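The values are calculated or read from the model by the stated rules, or taken from the named source; none is laboratory data. Because the structure is predicted, anything quoted here is derived from the model rather than measured. Every residue, glycine as well, gets a Cβ built from its backbone with ideal geometry; the counts of neighbours run over all protein chains shown. Quick note on the areas: whole protein, heavy atoms, side chains included, nothing else; ligands and nucleic acids left out. Shrake-Rupley method; radii C 1.70, N 1.55, O 1.52, S 1.80 Å.
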Amino acid sequence: MEEEKLHKRSPITWVPTAYFAMGLPFVVLNMVTVLMFKGLGVEDKLITFWTSLILLPWTLKPLWSPFLELFKTKKFFVVATQLITGITFGLVAFSLNLPHFFSIAIALLAIIAFSGATHDIACDGVYMSELSQQEQAKYIGWQGAFYNIAKIIATGGLVYLAGYAIERYAGGNMDDKAVLFAANQKAWMLIMAILCVTMVLLGIYHIFMLPSGQKRKQGETRTAGQVLKELIAVLTDFFRKSHIVYYLCFIILYRFAEGFVMKIVPLFLKADRAMGGLGLSEKEIGLYYGAYGAAAFVLGSLLAGYYISSRGLKKTLFTLCCIFNLPFVVYALLATFQPENGILICSGIVFEYFGYGFGFVGLTLFMMQQVAPGKHQMTHYAFASGIMNLGVMFPGMLSGWVCETLGEWFNKPGGYEPFFIFVLIATIPAFLITYFVPFKYAPDGSLLKGERE
């Protein structure tokens with residue numbers, strides 16, 4: 001035992017890289033691919049529908065996570081999924097040069113989604129099984145920081161690089177549609193190839209540096225049937241919790257408007273001004289939306305933690321909901337006035353992203369402190385998170401169709417202006433359900449008077 005402790009690697013050698021590898025595929029699939037397909041001429045409604053639907057594995061991952069315990073080690077799944085994800089990004093790069101590239105690329109991205117969701121389960125498993133509670137607290141900051149660094153690098157750095165490459169490959173012929181399409185193909189093939197190499201290198205690195213994750217003790221082997229029975233019991237227990245229907249509606253409606261906004265904003269920023277967009281280049285989107293916006297999200301999240309800790313979640317939740325949803329007015333104003341000043345556009349995006357980060361913390365803490373507590377706290381939190389993601393996924397799938405339909409109704413090319421006004425109306429249910437949401441647990445974790453598990 002002493003020898004094992006002596007040779008135990010410092011978590012700093014693998015926690016940052018493992019959580020960077022966790023964040024990268026999700027952010028690329030959720031946001032970067034939207035811009036990629038837009039540049040390749042795919043319709044908005046197809047982009048929003050399919051890039052939302054392929055995120056389904058991150059919602060459903062709690063359903064297969066218990067079965068991973070039956071096979072191999074957690075390290076095996078982390079390394080295997082990183083390599084699979086990397087190789088598949090390489091295949092996406094090749095697919096962009098094919099006639100039916102969209103269908104093939106979406107199918108490959110769906111494989112990456114399943115691989116990425118499985119990676120998340122195994123990676124969290126290694127983190128929890130290899131580190132003591134004290135170490136978990138110590139390195140939680142590194143975990144979150146590098147997950148967000150992946151977000152900044154993907155939506156900022158890689159999108160900026162794509163924009164630079166497009167300009168370089170187009171050779172100044174940005175108005176020639178055929179030349180521009182070919183430039184987009186080459187640029188995004190380059191980005192996918194970079195992602196391929198990055199994920200494969202991370203997988204190889206973790207073969208040597210990642211701890212295995214604790215193996216099952218002798219006599220603890222379970223069959224798939226036993227695991228399934230336990231999963232059903234845990235799910236049943238979740239849906240028997242008091243206020244659970246109200247809580248699930250709250251979890252879905254809190255981010256309902258964001259679900260519509262998430263996929264449309266990059267398309268709106270990229271769309272030509274004649275189509276109601278802002279006509280930004282990938283380089284500008286990478287800077288404004290990916291770099292400065294993502295940094296504002298992190299800052300908002302950090303400040304929200306201090307704000308909640310000073311006043312308590314119950315007193316601050318409605319304020320957090322307002323700060324989360326009201327900044328969407330920025331996009332309604334940008335769509336209405338279509339400013340050309342880059343500083344003004346960037347400031348609006350930063351303001352919205354700051355509010356997004358600040359308000360999102362409230363929902364996360366509510367799920368941890370009011371929905372998850374009980375016998376199966378960790379699993380129930382995973383279920384709540386999955387339902388939250390599902391609540392964002394469905395509006396995202398419909399957002400392109402809603403935007404197009406509203407544009408036709410109000411005779412607005414692109415439909416962005418009426419769409420963002422619709423989004424502001426869609427925030428109203430969030431305000432109402434948050435204002436009346438019941439609390440079960442006091443800040444110290446004890447049940448409030450008259451409440452039950």
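Counting only residues that are over 21 Å from Leu390 (Cβ atoms), give me the helices (runs of 4 or more DSSP H) lying completely in region 1-113 with at least 1 of them. First the steps, then the outcome.
Numbers: elements: 2-6, 15-27, 33-39, 44-53, 56-64, 74-95.
Per the criteria, 2-6, 15-27, 33-39, 44-53, 74-95.
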Matching residues in region 106-123 (open to solvent by less than 20 Å² (accessible area, probe 1.4 Å) and either without any contact (Cβ under 8 Å) to a residue 60 or more places away in the chain or more than 13 Å from Met192 (Cβ to Cβ) (or both)) number 10
I'm trying to understand the selection: among the residues of region 9-33, which are hydrophobic (A, V, I, L, M, F, W, C), open to solvent by 10 Å² or more (accessible area, probe 1.4 Å), more than 16 Å from Thr88 (Cα to Cα) and in contact with a helix residue (DSSP H, G or I) (Cβ under 6 Å, 6 or more places away or on another chain)?
Phe20, Met31
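Do any helices (runs of 4 or more DSSP H) entirely within region 147-251 hold 2 or more residues that are crowded, with 20+ Cβ neighbours inside 10 Å and in contact (Cβ under 8 Å) with a residue 24 or more places away in the chain, and if so, which? Even if it seems obvious, please write down each step before you answer.
Details: elements: 159-170, 177-209, 224-239.
Counting at least 2 such residues, we get 159-170, 177-209.
Which residue out of Arg255, Arg240 is within 25 Å of Gln369 (Cβ to Cβ), in contact with a helix residue (DSSP H, G or I) (Cβ under 7 Å, 6 or more places away or on another chain) and not aliphatic (A, V, I, L, M)?
Details: Arg240 fails: in contact with a helix residue (DSSP H, G or I) (Cβ under 7 Å, 6 or more places away or on another chain).
Testing whether each residue is within 25 Å of Gln369 (Cβ to Cβ), in contact with a helix residue (DSSP H, G or I) (Cβ under 7 Å, 6 or more places away or on another chain) and not aliphatic (A, V, I, L, M) leaves just Arg255.
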Can you tell me which condition Leu317 does not meet? The list is (1) within 23 Å of Trp401 (Cα to Cα); (2) open to solvent by less than 20 Å² (accessible area, probe 1.4 Å); (3) aliphatic (A, V, I, L, M); (4) touching a Gly at 6+ places or on another chain (Cβ under 8 Å), and all the others hold.
(1)
Here are the criteria: (1) of a type in the set (Phe, Trp, Tyr); (2) crowded, with 18+ Cβ neighbours inside 10 Å; (3) in contact with a Gly (Cβ under 9 Å, 6 or more places away or on another chain). Tell me which single one Phe76 does not satisfy.
(2)
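I need the helices (runs of 4 or more DSSP H) fully contained in region 377-453, keeping only those with at least 1 residues that are at pLDDT 95 or above, polar (S, T, N, Q) and over 25 Å from the mean Cα position of the chain (by Cα).
On the way: elements: 377-409, 416-426, 428-435.
So the answer is 377-409.
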For region 304-325, what are the residues that are touching a helix residue (DSSP H, G or I) at 6+ places or on another chain (Cβ under 8 Å) and under 19 Å from Phe436 (Cβ atoms)?
Leu313, Thr316, Leu317, Phe318, Leu320, Cys321, Cys322, Ile323, Phe324, Asn325
Candidate set: region 136-146, residues that are more than 30 Å from Tyr288 (Cβ to Cβ) and touching a Phe, Trp or Tyr at 6+ places or on another chain (Cβ under 9 Å); chosen: the one least open to solvent (accessible area, probe 1.4 Å):
Tyr139
Please determine, by comparing only the residues of region 386-436 that are without any contact (Cβ under 8 Å) to a residue 60 or more places away in the chain and either open to solvent by less than 30 Å² (accessible area, probe 1.4 Å) or touching a Phe, Trp or Tyr at 6+ places or on another chain (Cβ under 6 Å) (or both), which one is farthest from Lys45 (Cα to Cα).
Pro418
Going by what's in this entry, would Pro339 be described as outside any helix (DSSP H, G or I) and either more than 17 Å from Met368 (Cα to Cα) or of a type in the set (Ser, Thr, Tyr) (or both)?
yes
Checking the structure you have, find out if any residue of region 281-291 is at pLDDT 90 or above, in a loop (DSSP other than H, G, I, E, B) and over 22 Å from the mean Cα position of the chain (by Cα).
yes
